[in-house]
Amino acid sequence: MSLCFALLDKQCQNGVRICRVIWVLGHYIRRQQDPETFINEIKYIASDPDEKYFFNVTDEAALNDIVDALGDRIFSLEGTLGYNESAFLMEMSQIGFSTHILDDGILFGMVGAYDWEGGVLKESKEGQLKPSREAFEKEFPLELKNHAAYLGYTVSSVIVGDWRRLYVAGAPRFKHKGKVILFDLTPEGDVLITQALNGEQIGSYFGSEVCVVDVDQDGITDILLIAAPMFLGAGNKETGKVYVYCLDGDGFAPNGTLHSQKKAQDARFGYAMAVAPDLNHDGYADLLVGAPLEDDHQGALYIYHGDEYYIIPQYKQRIPGSSLSAGLQYFGRSLSALLDLDGDELLDLAVGAQGTAVLLKSRSIVQINVSLSFQPHSINVIQKNCHRAGRDSACLNATVCFLALSRSPGSLGTYFDMQMGAMLDDRKILARALFDYNSQRQTLMGVTVRVGQTMCYTLPFHVFDTADYIRPISFTLRFKINDTESGPVLDEGWPTTFKKSIPFFKDCGEDDVCVTDLVLQAHMDISGTRQQPYVIRSPRRRLAVEVQLQNRLENAYNTSLTLHYSKNLHFSSLSIREDAQFKIECTALSSNSHSCNVSYPVFRSQSKVNFMLEFEFSCTSLISKVQMKLVASSDSVESEGTLSDNSVQLQSIVQYEPDLFITSDSNLNRYEVHPTRTVSEGTGPEFYTHFRVQNLGCYAVSNLELSVNLPAVASGDRVFAIVVDAFSHNSSGVNCSIVSDLSKLKSSQRDVRPLHPEDMKKTELLNCTSSWCVEVVCHIQQLLKGQTALIRITRRIHDNFFRQAKFKAVTIVGSYQLSARESSLITMGNAALLRETVLEVLKGRSIPISLWILIGSIIGGLLLLALLVFILWKLGFFTRKQRKDEDENDDN
């Protein structure tokens, strides 16, 4: 048997550890083999010179002498501590287990340093910065030094808001749950830990991989992602999880998690992560996440898109390893997205798998603008110009032009193929127009488009005689890019359907040019200024706009009214006020704009139409201003001098009155003070007052404040009631504070004229003007639609105060009021009215019992007892039967 030992010496030579190699030749000698080749390899491993650090022995027994000679120069191989043994410091540090490139150097992870507790090292032009084990003691206590936290398993850095760089290091084995720290490293090597993020599940390997994302690419880190690839999910499978942290000041706050597809399987999602600078060319960085164990260890790659300052949680694309090669294993174990490997100016992806690397080519993204024109521009069925299917017809040519614009670099001049489909009169049962190619209402053809160049195609069609000359003929165009491996893809959300209508011939006089003059007038039924805003309250949550549109000159064809309105409005309906001969149809352009066709196809000369637009106020978007812009236009000609009255802008400042309902009830409304109770019973029982704040409106209300004032202290600092506590039963976002300190109450309630107990004969009321009141303030963080905040205040009555006072009955009246902190947008209305809570206190009377009444009661009781005994005696109740009679009864 042959043995080879690599021994680490405690002494350094020029900063390099000495490696002593012992080669036992017993195996070769016994088998008479030539060990020359292997001896040369061992000498290469040993430190120089070989005469000092290379030991050649003939048998295993000689090892004992070598160990005695080297003595304490040999470290324990397992790193354990015991008698005459040493611990590893940097000997097994594994510097470079992880690396991160910095502007001024390189940050190295050292997972094996300090007995595998781990550490970091920064190498720069100024030299090395190697923090000591004690530098991380704040988050890695020294008493846990033998627990192998693996600090430095992964390293990175972030740039926070003040352009300060913080270093990031993961320790996936810390307390078996994992930890990630963010720290600053001074030029002297001192460590300042600014934040520590801890894992939540044992064995999840939280912090084994971190990824820093500058989504908007402004130089400031927006997202910190921390992977826990061995996180156990459904079915106790290693599904994995990626934790998302968003920049919040100088630190990072949790903002959800990323997951693989919803399937109970081993995935190790997050085993590898990488930032792709911009895959979809929207200006935001994207994210790659590997899951090498998915699909029975074939693996998968997930692609997430960035948007402004965050990562969209739903993955945009999943690439399974099985779709690339049937024999691929552990696809997604490593990732890179930094190079253009094929020279097409598009970022390519490199994905690691078992024994191979897969290169994925990214495809360019195009936006296709479509223009559609007709020649002639209108359908003249009176003057037919062609002959089709044995009939005179009106023939037209539709010209479809495609202009492909690339969002990706390097795509100019690229050709790609598409499928184009066109349909005439799609909403008619019987078609009024057919294509010349196939005498059908629809056609399908392949076209070629070049990026950056307008490509046009002609589709001839004809129109037969029809009774419907008013409604135009619709022309609907649909297209899609052929799915090829190398061609571009259409931008997400880009429309693939284009629709236009061909009107029938217009009556515009001899010059065939209609010159019109549209006049638009509109006003809202609400009006509000900054000094006096209009208040939106239930049940009227609607806005009406009276509109008048007039045509003072020639016919206006294809007249339309475009509405743009603020986000706090929803378009509800349109109703024509007077003449029903006009028809107005509206379609939505976006969530806050509509386009309405007015008397299509022609809005005739000298016509006038009055109609009303109705809007509902939004329940989700609350803003302080209502804005609206109405623009009238047509296909007819209108001179520049008359265009000023074609648009109207409306505006009103508003406030919102939430539909809040506040009530109070108590389990004690009347309390009687008993004068005969002992001194130990100086306070009465606890009783509760519940305050209910209900949101009956359609939107959430934030930052509400419930103020409750409860009478408590009379003249001479005599306390007659106390507030025990105040809290919310059902809402986590409610915080209550109690102000009961008498000095504070006196300073804030200067107008109080406290009542003396001797003066209670003259009054029947105790309130906040005749006594000092305890103040209870409850802040309601948010009250959602339909939600109720239930607040309970517990109180006690001091009986001694009322026993000493001379009164028959007194009413303790407290007050409560609801207010809003955002007064500029929210007005409370009736909810802000001052309300009262009432407790009536009665004083019981002590009634003495006369001595003669006691004596008379005793005598009466004795006489009643004697009468009862006499009656029982007469009835024979006390007479015993004779023995003879008993024997006779037994014989019978």
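Laid out as a table, the results:
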| item | result |
| --- | --- |
| Of the chymotrypsin sites (Phe, Trp or Tyr not before Pro) in the stretch 135-181, those whose Cβ has at most 12 other Cβ within 10 Å and which sit in DSSP loop | TRP163 |
| Ranked packing of 705-714, 112-121, most packed first, by mean Cβ within 10 Å | 112-121, 705-714 |
| For peptides 807-819, 824-836, 196-208, sequence by mean Cβ density within 10 Å, most packed first | 196-208, 807-819, 824-836 |
| Exposure proxy order (Cβ contacts within 10 Å, fewest to most) of THR497, THR879 | THR879, THR497 |
| Relative exposure of GLU672, GLU510, GLU238, judged by other C-beta atoms within 10 Å (fewest first) | GLU510, GLU672, GLU238 |
| Which of VAL463, VAL673 has the fewest Cβ neighbours within 10 Å, and the rest in rising order | VAL673, VAL463 |
| Residues with amide H under 5 Å from that of ILE584, placed H, sequence gap 5 or more | SER599 |
| Zone of SER605's modelled label, taken as backbone nitrogen in the stretch 529-569 under 12 Å from a point 7 Å along Cα→Cβ | 552-556 |
| 3J(HN,Hα) from dihedral phi, the stretch 658-671, Karplus parametrisation 6.51/-1.76/1.60, rounded to Hz, x for glycine, proline | x, 8, 9, 10, 10, 9, 9, 8, 10, 7, 9, 9, 9, 9 |
| The chain, relative contact order in percent, only Cα pairs under 8 angstrom and at least six apart counted | 5 |
| 9 Å beta-carbon shell around LEU710, net charge (K/R +1, D/E -1) | 0 |
| Karplus (6.51, -1.76, 1.60) ³J(HN,Hα), θ = phi - 60°, over the stretch 365-375, in Hz, Gly and Pro reported as x | 10, 10, 10, 10, 8, 10, 10, 9, 10, 10, 9 |
| Potential extension, LEU842-ASP741 segment - 0.36 nm per residue separation minus Cα distance | 33.6 nm |
| Whole-angstrom gap from the stretch 359-377 to the stretch 473-552, using each part's C-alpha centre | 23 |
| Label-point separation in nm, ILE45 to LYS499, each point 7 Å along Cα→Cβ | 7.7 |
| In order through the stretch 547-563: 3J(HN,Hα) via Karplus (6.51 cos²θ - 1.76 cosθ + 1.60), integer Hz, x for Gly, Pro | 10, 10, 10, 10, 10, 8, 10, 6, 3, 10, 9, 6, 6, 9, 10, 9, 10 |
| Distant-in-sequence amide H partners of GLN217 (H built 1.01 Å from N, under 5 Å) | ALA285 |
| Coil-residue trypsin sites (Lys or Arg not before Pro) of the stretch 297-354, DSSP, other Cβ within 10 Å capped at 13 | none |
| Sequence-distant residues sharing a close amide H with SER501 (under 5 Å, placed H) | PHE475 |
| Flagged links, alpha-carbon separation over 28 Å, of LYS499/LYS583; LYS500/LYS629; LYS480/LYS629 | LYS480/LYS629 |
| Net charge of Cβ neighbours under 15 Å - reference THR642; Lys, Arg +1; Asp, Glu -1 | -4 |
| Whole-Å distance, taken between Cα centres, linking the stretch 574-600 and the stretch 161-224 | 57 |
| The stretch 625-699-the stretch 234-281 distance, computed between alpha-carbon centres (Å) | 40 |
| Lysine pair number, Cα distance threshold 28 Å (strictly under), the stretch 89-198, separation 8 or more or different chains | 17 |
| Residue-count net charge about THR443 - beta-carbon cut-off 14 Å; Lys, Arg +1, Asp, Glu -1 | -1 |
| The stretch 92-220: C-alpha gyration tensor shape, a/c 1.5 cut-off, then a/b vs b/c | oblate |
| Nonlocal Lys pairs with alpha-carbon distance under 18 Å, the stretch 203-362 (8 or more apart, or different chains) | 8 |
| Net length gained if the chain between ASP216 and THR529 were fully extended (0.36 nm per residue, minus Cα distance) | 108.8 nm |
| Lysines whose Cα lies under 20 Å from that of LYS785, excluding same-chain neighbours fewer than 8 positions away | LYS567 |
| Gyration tensor (alpha-carbon) shape descriptor, the chain, a/c threshold 1.5 | oblate |
| Overall form of the stretch 212-300 per C-alpha gyration tensor (a/c, 1.5; a/b vs b/c) | oblate |
| Packing-based ranking, highest mean first, of 763-776, 537-550, 689-702 given that Cβ atoms within 10 Å are counted | 763-776, 689-702, 537-550 |
| Difference of contour (0.36 nm per residue) and Cα-Cα distance, HIS690 to SER575 | 36.6 nm |
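All of the numbers you see were taken from the coordinates with simple rules; none came from a lab. Keep in mind the model is a prediction, meaning the values are calculated, not measured. Heads up, the Cβs are rebuilt from the backbone with ideal geometry, glycines too, and the neighbour counts pull from every protein chain shown.
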